[in-house]
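First up is the structure itself, then whatever we jot down about it.
The values are calculated or read from the model by the stated rules, or taken from the named source; none is laboratory data. Just so it is clear, the model here is predicted, and its values are computed rather than measured. Glycine gets a Cβ as well: all are built from the backbone with ideal geometry, and neighbour counts include every protein chain shown.
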Amino acid sequence: MKIDDFKKLENEGAENLPSEERRRFLRFGLAVTGVFVGGSVLSLTSARNAEGAMGPVPESGKFPYSPHYTMVIRQNRCIDCERCMEACVKTNNVPSYGYRTTILQQEREIGKGEKERVFMPVLCNHCNRPPCVRVCPTTATYKDKKTGIVMMDYKRCIGCKTCMAACPYNARYFKEENRAVDKCNFCFDTRISKGESKTACSAACPAGVRIFGDLTDYSSEAYKLIHKPEKVVWVLRPETGAMPNVFYMND
Amino acid sequence: MKRNNKSVMTIVGLAAVVGLLVFSSLSFGEEAYDEGTYGPKAPILWTKPVKGVAFMHKTHTMDAGLSCDNCHDKIFEMAAGTAEQKADFTMASLYKGKYCGTCHDGQMAFASNTRCATCHVGVKGYNKLTGAAPQGKPAGKH
């Protein structure tokens with residue numbers, strides 16, 4: 001079957017809508033084997049049901065960790081002052097060629113010829129199903145059993161960088177000084193384990209963009225924000241099925 | 001512009017008539033920016049209390065129709081950078097109707113506590129407008 005013939009096929013429906021990567025992978029598998037076995041067998045991740053209108057926020061009481069750390073990003077408040085990045089670099093000894101968190105910039109059309117600037121802070125999403133952990137051959141990167149933070153054991157890292165390729169969020173870099181991959185760990189070693197309630201970036205933000213918190217604590221600001229009535233909450237790249245724990249919303 | 005040359009004037013006049021007749025809407029939008037009337041063309045860049053905010057005179061004068069004395073010298077002094085030296089040059093002051101907040105109150109213009117990134121161009125915008133290399137990342141280094 002040629003690609004032109006594929007285009008003529010009927011829509012498969014939205015219940016099990018595969019991502020673009022999955023389609024490409026399936027096409028590749030079909031070309032190699034000549035047999036169409038089906039998504040759940042061939043693809044690396046099993047078919048994921050559409051989240052539908054309920055959004056990406058997990059149901060209360062079903063958080064796998066306790067405390068279940070999260071960061072809520074109120075995106076429209078970000079002004080790219082980059083104090084978060086400065087604080088992160090200082091706190092976690094991040095070299096100039098890498099980052100644990102950064103800010104992306106987009107332009108969004110708001111009318112004919114009119115555009116608005118959007119700043120988007122990004123960091124490790126501490127996914128419930130982290131692709132980086134799945135691919136690490138030495139278990140140097142792992143999900144912390146208690147907090148769910150995706151951590152690094154530098155001594156175990158062999159620098160193969162497979163995790164960097166697997167991460168959907170580009171949240172990892174190779175730190176020459178450690179000869180190991182480095183990433184955001186919600187400041188666990190530098191602040192949170194020492195009793196601080198906020199990460200360095202969250203504490204440095206002058207605009208209340210980054211709200212760090214525990215989802216199992218229903219009185220926390222983070223929990224309240226993503227459960228606010230009539231508010232849309234989204235995550236980045238939900239189609240990967242990684243179930244990220246960094247949530248985005250506007251104000 | 002030399003306006004005392006007769007032949008040039010004739011050509012300009014003819015062009016203007018043709019322009020008005022045929023391309024009236026087009027020629028209307030091609031008004032030249034005059035710094036004497038509309039203020040400095042270069043953006044005013046503030047780095048305090050946060051980096052960075054870009055103020056464009058063009059947006060406020062030529063596009064929005066304000067004149068110099070709407071803001072100078074009562075709200076902002078003529079010398080660029082005077083306001084940011086003051087301790088009360090903060091968002092909190094803007095919400096109270098000071099500085100930009102005089103007009104950006106949600107009535108005359110969009111409120112100061114909305115559409116943040118319209119004025120805040122950030123470190124990225126500051127570097128782009130000043131041509132500075134991002135901090136800690138010198139250009140050309142591998």
B:A92 - would you say it is more than 17 Å from the chain's Cα centre (by Cα), part of a loop (DSSP other than H, G, I, E, B) and within 14 Å of another protein chain (Cβ to nearest Cβ)?
no
In the stretch A:241-251, anything part of a strand (DSSP E or B) and either farther than 21 Å from A:N185 by Cβ or touching a His at 6+ places or on another chain (Cβ under 6 Å) (or both) is listed as A:M249
Restricting attention to the stretch A:149-166, the residues that are touching a Pro at 6+ places or on another chain (Cβ under 8 Å) and part of a loop (DSSP other than H, G, I, E, B) number exactly 2
ask   = Looking at the stretch A:74-95, is at least one residue more than 10 Å from chain B (Cβ to nearest Cβ), small (G, A, S), touching a strand residue (DSSP E or B) at 6+ places or on another chain (Cβ under 7 Å) and crowded, with 16+ Cβ neighbours inside 10 Å?
value = no
In the stretch A:118-136, anything surrounded by fewer than 21 Cβ atoms within 10 Å (Cβ to Cβ) and not hydrophobic (A, V, I, L, M, F, W, C) is listed as A:N128, A:R129, A:P131, A:R134
Counted residues in the stretch A:96-111 being of a type in the set (S, T, N, Q) and surrounded by 14 or more Cβ atoms within 10 Å (Cβ to Cβ) come to 3
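From the list A:Y99, A:Y65, exactly one residue is within 14 Å of chain B (Cβ to nearest Cβ) and modelled with pLDDT of 90 or more. Which is it?
The match here is A:Y99.
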Expected output for the stretch A:137-166 (first residue closer than 25 Å to A:L215 by Cβ, partner part of a loop (DSSP other than H, G, I, E, B) and aromatic (F, W, Y), Cβ below 6 Å, 6+ apart or cross-chain) is A:T147/A:Y65; A:G148/A:Y65; A:I149/A:F186; A:I149/A:F188
Scanning the stretch B:46-89 for residues that are more than 14 Å from chain A (Cβ to nearest Cβ) and in contact with a His (Cβ under 6 Å, 6 or more places away or on another chain), the one modelled with the highest pLDDT turns out to be B:L66
Based on this model, can you work out whether A:K8 counts as modelled with pLDDT of 80 or more and either closer than 20 Å to A:R129 by Cα or assigned by TED's automatic domain parsing to the domain that holds A:F188 (or both)? no
Counting only residues in the stretch B:46-82 that are within 16 Å of the chain's Cα centre (by Cα), surrounded by 12 or more Cβ atoms within 10 Å (Cβ to Cβ) and of a type in the set (A, V, I, L, M), the one nearest to B:E35 (Cα to Cα) is identified as B:M62
